[in-house]
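Input: a single structure, listed below in structure tokens.
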Amino acid sequence: MRCLVLSDIHSNLVAFDAVLADATAFDVVWCLGDVIGYGPQPNECIERLKGLPHVCVAGNHDWASIDRLDVSDFNPDASRACMWTREQLTGDNLAYVQSLPERIVRNDFTLVHGSPRHPIWEYIGHSSVAAENLAYFDTEGCLFGHTHMPAGYVSRRRGAGVEEFALPLHTSAPLPKGRLLINPGGVGQPRDGDPRASYILLDLEQHTLQLHRVEYAIEKTQNLMIAAGLPPRLVVRLAYGW
């Protein structure tokens, strides 16, 4: 089974559609949360995801946009975007977001947004934080998002600690042996200095993965954000991958 692993779509339908067109052959989507927030097309992104065979966990922007998380915990621009998103959601799509769980286990992978220790909010941005999270999942691997940056961490044997490993770009490579924590990066708002949408293809039968980056028409999303009155800083950052 080939899994399209993605995270942080953030209401950016143009980027999401570019990912789907680029990935082409996959059996299921594993979405790691933050389908909405920041961007201009929350309902359209939810509808597109709902039309695919998929599972999805909740992210912090998903929760904030349905008033399950206090927007005062966000910076002013993110808070404003969440409040705007809350006003846009249809009843069916609101119910969909409300139904999203914090954690899903599929095959030998645990799916969360932030971390297995704190699924909604914690950032895993360093091997030391990844190591602290090993005790909070029982599967071989954990797939997470939230940082908007692709990353891989592996603990090769018990007591050996955690080290980073490079995700193979546009080529298939075997998964490292050991306990894994893997982030596919962000679809709708990358933050690693590369504005291209990011995703992973995971082959469960071959036990391989590959990271992909795909260009999309950023200006289309930006124009929709401007028309919606979303914060200018959120518009500008898309072009810089930050």
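What follows is calculated from the coordinates using simple rules that are stated; it is not laboratory data. None of these values were measured; they are calculated from a predicted model. Glycine also receives a Cβ, built like all others from the backbone with ideal geometry; neighbour counts cover every protein chain displayed.
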Candidates GLY125, GLY141, GLY188, ranked by Gaussian network fluctuation over the chain, Cα under 10 Å, top entry | GLY125
Taking only the alpha-carbon positions of the stretch 190-242 as identical scatterers, the Debye log10 I(q)/I(0) at q = 0.16, 0.19, 0.23, 0.31 Å⁻¹ comes out as -0.56, -0.68, -0.84, -1.14
How big is the equivalent ellipsoid of the stretch 74-196 along its three axes, where each semi-axis is √(5λ) from the Cα gyration tensor, reported in whole Å from largest to smallest?
-> 29, 17, 14
Considering only THR85, THR24, THR147, give the residue with the highest GNM mean-square fluctuation for the chain, with springs between Cα atoms whenever their separation is below 10 Å.
-> THR24
Provide HIS118, HIS146, HIS212 in ascending order of the number of other Cβ atoms located within 10 Å of each residue's Cβ, fewest first.
-> HIS118, HIS212, HIS146
Dipole size in debye (nearest 20) for the stretch 168-223 around its Cα centre, Lys and Arg Cβ +1, Asp and Glu Cβ -1?
-> 160 debye
Isolated Cys residues of the chain, judged by Cβ distance under 4.7 Å to other cysteines = CYS3, CYS45, CYS82, CYS142
For LEU13, what charge total do you get from the other residues with a beta carbon under 10 Å from its beta carbon, if Lys and Arg give +1 and Asp and Glu give -1?
-> -1
The chain, Gaussian network, Cα under 10 Å: of GLU122, GLU44, GLU87, the residue fluctuating most is GLU87
Listed with the fewest Cβ neighbours within 10 Å leading, GLU47, GLU219 appear as GLU219, GLU47
